[in-house]
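Input: a single structure, listed below in structure tokens.
A short reminder: the numbers here are calculations on the coordinates, not readings from a lab. A quick note: this is a predicted structure, and the numbers were derived from the prediction, not measured. With ideal geometry, Cβ positions are generated from the backbone for all residues, glycine too; neighbour counts draw on all protein chains shown.
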Amino acid sequence: MTSDGIERRAGERDLAVQRERFQLLVEGVKDYAILMLDPDGRIVSWNGGAERIKGYSAEEALGRHFSLFYTAEAIEDGHPEVELQIAIAEGRFEEEGWRVRKDGTQFWANVLITPLVGDDGELRGFAKITRDLTERRAEAQERERLQQLAEGASRAKTEFLSRMSHELRTPLNAVLGFAQLLGLDALRPQQREAVDQIERAGELLLALIEEILDISMIEADRLVLSLEPIHVDTVVTQCLQIIAPMAAEHAIQIVPPPRASTPTSSPSPISSGSSRLC
């Protein structure tokens, strides 16, 4: 045997080994259905992953048209043939859609079809890879459902806060209105102080209601913040005046803190520490 013949034999053996390794690789893949189609779309090769996903054995699938795995509606619309035409025109075809197993059940699949063209430019067939994404799709739909439920609950909470705030404001306005009417009469100092307490407490409650409304506006991304300086002394004094009657019921004496000197030019922001509690 000549050296050329020996080299040819060695090359054929190497090629056979490579083909065997490739076949073992394809057969060993279980999560992907990997099959070859002839130019007309008939199945010419079948791996273990295709049997696991689609339910057909190699003997049942080989030689049959790949539309075997499509729904009746897709076959009627000529979808399998369109896929091959797109693959030839664009070099590949990929989509997600429903496919049918041997037992008639449907699964959500990711399908990739690639045309196989020889060195002479002639179409040899197609490579088709299918993944079963049914479980992943179900998980995504469940996440979307839970998100919609959460968004619905958030909208319901916001609507409740808004309605509750408006309902609370109506009787509160009546309380403040009558307190102002009482303040117009000639009152003894103790009575005047009681009326003032009613007005201050009502105004505080009104501010809390406004804050509840702010919460609903924050959730709706419609709240515009405005930073303004305030007198901390004034805030502390108002708070002490509101809790003083409750403290007196329990024989608790509240001693106001000494007032800090405040610049006459402008009030100090609350974060400046212009006042202290003793």
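Across the alpha-carbon set of region 31-132, the Rg to Rh ratio works out to 0.94, Rh being the Kirkwood radius. Take 72-82, 39-49 and order them by the average number of nearby Cβ atoms within 10 Å per residue, most first; the result is 39-49, 72-82.
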